[in-house]
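Each remark here refers to the structure printed beneath this line.
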Amino acid sequence: MTLLLLLLIPLLAACGLQLLPVASPWVRRTAQAAALAQLATGLLAWRQPPADLSLSWLPKLGLRLWIWGSMASACRWCCWRR
Amino acid sequence: MLLAALITAMAVLATPLQQVRPRLFYGLLLATNLGLMGSFLARNALLFVLAYELILIPTTLLVAIWGGERRAGAAIRFLIYGAVSGIALLSAVLAFGWLNPGGVDFSFAALAHHALPPDQQRILLALVLLAFGLKLPVVPLHGWQPLTYSQAPTPVAMLLSGAVSKLGAYGLLRFGIGFLPDAWSDWSPWIAAIGAVSAIYGALNAIAQLDMRRLVAYSSLGHMGFLLLALAAATPLSLQGVMAQILAHGLIIALLFCLVGLVETKTGTAQIPELSGLLNAQRGLPFTMGLMLLALMAAAGVPGQAGFVAELLVFEGSWVAYPIPTLVCLLSSGFTAVYAVRLFNRVGFGRLDNATANWASTTWMERAPALVLTALVVVGGIWPTLLTGLSETATAPLALRSSDAVTVIASAAPLTSSPLPA
């Protein structure tokens, strides 16, 4: 779980930043906090074996999404042809 | 993994307060970080490719939107080289999965467990070398590097040189030595030769540069040659040197780009002939130049700093396997001192131009990332086990499989799980 946080922190921060006002000083602060939080998490996971991060479902999910997306596109194309 | 997190944090801290379009800028920096983390943490080849490809898009946009005057050309060149690298890696990974004797399986454990026939290994190694040679980069695949590093904004240059390029070395260690040991052993003399050529080419080009950013870029190219040499040697000591060099060079090159960026922000130029006397205590940038002296010493491999430990391990470990390429790399290490002294002599000493020398001094906020990186470079030098202790157990099993010098322990059990650390 700790290692999964290493991916979730930048992902959530990158998405969350887009919700803030452009000129807000919180944009910089949020980015700094996210980067430092990730570093701290990395230090906590210092001795954690890499095998603990099990994300084997992600490529499968990606492939499935790709297949479903391709099928949806094909269906749309067929409908458009009619 | 820690290096990527650290360099990202320093890159965010090194971003100017008045950054144009800050939400997009920071978002893309964090997206690059996400790709880096995914790549280093992946234990599945397809997931690795997914994360590897994710890095390309945000970094291209960062260069294209916030880069220097020639940013469009730099971004396009970076994109093309990156795309070729990605295609080569994807082809290799798909072939890895499909040719796997144990059935279609992309997990690292399965790929390490089932050895492929030598002919297939050679084809796959060519693809792997192309993919990661472009990412490192090494001669002759370095076409994107000097332009991109010189045109990228400072935080992006720090991230690209300090963390993204290290993905190339990690990939060669993981895919080349880890999964294709027989082909790697066959081709290692040529790989060592390419490493030596890269080292000497980078160092000689760095001496000829008039732009500080390009000088640092070519310096990085030279040091990537050391990495390739150590990877080719694949002895236990040289592989420890690879891990140490990845860490040490990541810190040093990010520090150098950070300091060059500071000088450029304050003086308005990175051209060496236009700068002089920056060590002047009253009107120069003495603090920044002091840190730059330390960084250049570390890059040149002066004892007491992280660069020395890494280079010592690389050269000592590679000497057993490839003495002549190691000598060439030692020579290029000497040239590193030449361009370091030349840069510091021209920029730090001399007389300040009274008409232009009225720069604002650097603030502590601006100095913070450089200070942290300098502290780590010095700590790595006086406490070398920080660089080597973690990698010792992780790299030793790889060396047992691939090094000619250790055939005496060839009876060791084959790898059944991935030994590299996160």
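Taking the average, over residues, of other Cβ atoms within 10 Å as the packing measure, peptides B:313-319, B:274-280 rank B:313-319, B:274-280 from highest down. One Cα centroid belongs to segment B:1-64, the other to segment A:8-22; the line between them spans 13 Å. The angle separating the long axis of helix B:286-300 from the principal Cα axis of greatest extent in chain B is about 30 degrees. Take the Cα of B:A281, step 7 Å toward its Cβ, do the same at B:D353, and the gap between the two points is 2.6 nm.
If you put +1 on each Lys and Arg Cβ and -1 on each Asp and Glu Cβ, how big is the dipole of the protein assembly as shown around its Cα centre, in Debye rounded to 20? Mind showing how you got there, number by number?
Details: 27 positive and 16 negative charges, 296 e Å.
Charge dipole, the protein assembly as shown, about its Cα centre: 1420 debye, nearest 20.
Counting only alpha carbon atoms, the long axis of helix B:212-233 and the longest principal axis of chain B meet at about 20°.
Just counting partner chain Cβ atoms within 10 Å, what average do the residues of peptide A:33-40 show around their Cβ? Let's see the in-between values first.
Values: counts 1, 7, 13, 5, 2, 10, 8, 2.
Mean shielding count: 6.
In this label model, B:A95 and B:A337 are separated by 4.4 nm, measuring between points 7 Å along each Cα→Cβ vector.
Quick check: residue separation of B:V320 and B:V378 times 0.36 nm, minus the Cα distance between them. What number comes out in nm? Show your work: numbers first, answer last.
On the way: separation 58, 0.36 × 58 = 20.88 nm, distance 2.87 nm.
Stretched fully, the B:V320-B:V378 segment lengthens by 18.0 nm.
Computed from phi, the 3J(HN,Hα) profile of segment A:4-14 under the Karplus parametrisation 6.51, -1.76, 1.60 (θ = phi - 60°) reads 5, 4, 4, 8, 6, 4, x, 5, 5, 5, 4 Hz, with x in place of Gly and Pro. Take each residue in B:102-111, count the other chain C-beta atoms within 10 Å of its C-beta, and the mean is 1. Taking all Cα pairs closer than 8 Å and separated by 6 or more residues, the relative contact order of segment B:264-396 comes to 40 percent.
When peptides B:129-135, B:337-343, A:13-19 are sorted by average Cβ neighbour count within 10 Å, with the highest value leading, the order is B:129-135, B:337-343, A:13-19. Relative to its residue count, segment B:270-394 spans a Cα convex hull of 124 Å³ per residue.
Net charge around B:I272, counting only other residues with Cβ within less than 13 Å of its Cβ (Lys, Arg = +1; Asp, Glu = -1)?
+1
Relative contact order of chain B: what whole-number percent is it, with Cα pairs under 8 angstrom and at least 6 residues apart? Working shown, then result.
Working: 736 pairs, mean separation 76.1, N = 422.
Value for chain B: 18 percent.
What does the C-alpha gyration tensor say about the overall shape of the protein assembly as shown? Classify as rounded when a/c is under 1.5, otherwise prolate if a/b is larger than b/c, or oblate. Cα axes put the protein assembly as shown in the oblate bin. Backbone amide hydrogens, once placed in the peptide plane, bring B:D211 within less than 5 Å of B:I272, excluding anything fewer than 5 places away on its chain. Estimated purely from DSSP H runs of n ≥ 4, each contributing -39500 (n - 2.57), the mean residue ellipticity at 222 nm for chain B is -24000 deg cm²/dmol once divided by its residues. Could you tell me how many degrees, from 0 to 90 and to the nearest 10, lie between the Cα long axis of helix B:306-319 and the main elongation axis, the longest principal axis, of the Cα atoms of chain B? Once rounded, one gets 40 degrees. Remark on segment B:1-117: Rg and Dmax equal 17.2, 56 Å (Cα only).
We did not get these values from a lab; they are worked out from the coordinates using the rules stated. Please read all numbers here as calculations on a predicted model, not as lab measurements. So basically every Cβ, Gly included, is an ideal-geometry build from the backbone, and we count neighbours across all protein chains shown.
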